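One structure is given below, encoded as structure tokens.
Laboratory data are not the source of any read-out in this text; all were calculated from the coordinates shown. Owing to the predicted nature of the structure, the values given are computational and were not obtained by experimental measurement. We place every Cβ from the backbone using ideal geometry, glycine too, and count neighbours over all the protein chains shown.
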Amino acid sequence: MAEKISEEEEQKRRMTADIAHELRTPLAILKAELEALEDGILEPSPKVYQGLVEEVDFLEHLVNDLRLLSLAESGELSLDLVDADLANVTRDVVERFLAKAKSKNITINLDLKTSPISADIDRLKQIIVNIMANAVRYTPEGGKIIVKTESSTKNSVMTIYNDSDQILPKNPEKLFERFYRTDNARNRNTGGMGLGLAIAKALADLHLADLLIYNYQNGVKSELRFKSLKT
């Protein structure tokens, strides 16, 4: 019991340190640039103001993600469940990533079969967006991503496979910890904020769905498994 409490306290301390780390950089940039503007060292320009807006946007995104994650993990986030086709929702999300994939010469192959589920459409899209964002981010130039949906009388499943040399942790649950990154790098330009998969897992749990991510062949496979509405 004491060991569990100690572990939880350590996790809270680590999370607080991570949040402070994520906030420190944009706040430092804002402070430095505003002081430079005030002192006349930096000339006002659209580019300077755009940079300030981007830092504020980052902070707003971080705070919103943390709030969403807190609500989801505490069970305070309500779902607006409707009958849906996992294939159609997946297709809508994947289309958002076509331009980014093209810029990296990544091929996206779709094999989407009708897969009936009960889900909150907006929250389901958030889950898939976070999985796809990771897939595109870690797929090398010229690589491929394979997206599938299929259904049986038991389950409706979406899988996203992407080429990658990522070595995932032996304990896959670590992937869903707040601010966890496989390369331990905190570069939001290339690695996001480290909250995407934590949010995806929390939202999947609310749907009573399973989210798994594991090394597969020459890459990584993400699997989202719902109870099927198929009869």
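See the values below:
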read-out: Centroid-to-centroid separation of the range 200-221 and the range 93-115 [C-alpha atoms, Å]; value: 18 Å
read-out: Greater than 31 Å apart at Cα, pairs in Lys31/Lys125; Lys100/Lys154; Lys47/Lys148; Lys102/Lys148; Lys102/Lys221; Lys144/Lys174; value: Lys31/Lys125; Lys100/Lys154; Lys47/Lys148
read-out: Value of relative contact order over the range 130-179, rounded to a whole percent, pairs C-alpha under 8 Å and six or more apart; value: 33 percent
read-out: Total formal charge among the other residues, if their Cβ is under 11 angstrom from that of Leu206, Lys/Arg +1 and Asp/Glu -1; value: -2
read-out: Net charge, Lys125 excluded, C-beta distance under 14 Å - Lys, Arg +1, Asp, Glu -1; value: -3
read-out: Around Leu77: net Lys/Arg minus Asp/Glu count, Cβ-Cβ under 12 Å; value: -4
